[in-house]
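Undergrad: Submitted below is the structure of interest, expressed as structure tokens.
The values are calculated or read from the model by the stated rules, or taken from the named source; none is laboratory data. Quick caveat: nothing in here was measured; it's all calculated off a predicted structure. Neighbour counts run over all protein chains shown; Cβ positions are idealised from the backbone, glycine included. Note: accessible area is taken over every heavy atom of the protein model, side chains too, but ligands, DNA and RNA are not part of it. Shrake-Rupley method; radii C 1.70, N 1.55, O 1.52, S 1.80 Å.
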Amino acid sequence: MAKVMESRNYPGRSPDDCFNAAKAALPKAGFEIWKLRPIAWLVLANRQTPGGEAKANLAFRPGGAGTLTLTGDGLSKETLQAMAAEAMAALDAELG
């Protein structure tokens with residue numbers, strides 16, 4: 001199973017701001033949200049590809065820090081890195 005992680009800081013943004021932006025951004029990057037945990041600022045989502053399913057876990061912490069973790073059986077690390085870049089670009093766009 002391949003796995004990639006990407007962390008970013010969004011200074012001046014609350015975890016609520018980032019969580020709400022993630023709810024809009026992940027579907028724009030091709031992910032289907034299947035669970036939200038607002039109390040933990042956590043978004044869980046999946047994305048179907050011809051090579052298999054990618055599972056995303058996007059969590060935020062106070063101070064505007066966020067970490068995206070992607071895993072996928074049958075998917076290469078390069079494929080997951082490309083998906084992570086798409087997801088984080090969509091999040092960046094939502095946060096303006």
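Undergrad: What residue, among those in region 17-43 that are part of a helix (DSSP H, G or I) and of a type in the set (Lys, Arg), is most open to solvent (accessible area, probe 1.4 Å)?
TA: My answer is Lys28.
Undergrad: Only one of Ala56, Ala93 is open to solvent by less than 60 Å² (accessible area, probe 1.4 Å) and either out of contact with any His (no Cβ under 7 Å at 6 or more places or on another chain) or assigned to a helix (DSSP H, G or I) (or both). Can you tell me which?
TA: Being open to solvent by less than 60 Å² (accessible area, probe 1.4 Å) and either out of contact with any His (no Cβ under 7 Å at 6 or more places or on another chain) or assigned to a helix (DSSP H, G or I) (or both) holds for just one of Ala56, Ala93, which is Ala56.
Undergrad: Could you list, in sequence order, the residues of region 9-44 that are charged (D, E, K, R), closer than 17 Å to Ala93 by Cβ and touching a residue at least 24 places away in the same chain (Cβ under 8 Å)?
TA: Scanning region 9-44 gives Arg13, Asp17, Lys28.
Undergrad: Still on this structure: Which of the residues that make up region 37-53 are more than 16 Å from Leu70 (Cβ to Cβ), over 12 Å from the mean Cα position of the chain (by Cα) and not β-branched (Val, Ile, Thr)?
TA: Arg37, Pro38, Ala40, Pro50
Undergrad: Can you tell me which residue among Ser7, Ser14 is among the polar types (S, T, N, Q) and surrounded by fewer than 14 Cβ atoms within 10 Å (Cβ to Cβ)?
TA: The unique qualifying residue is Ser7.
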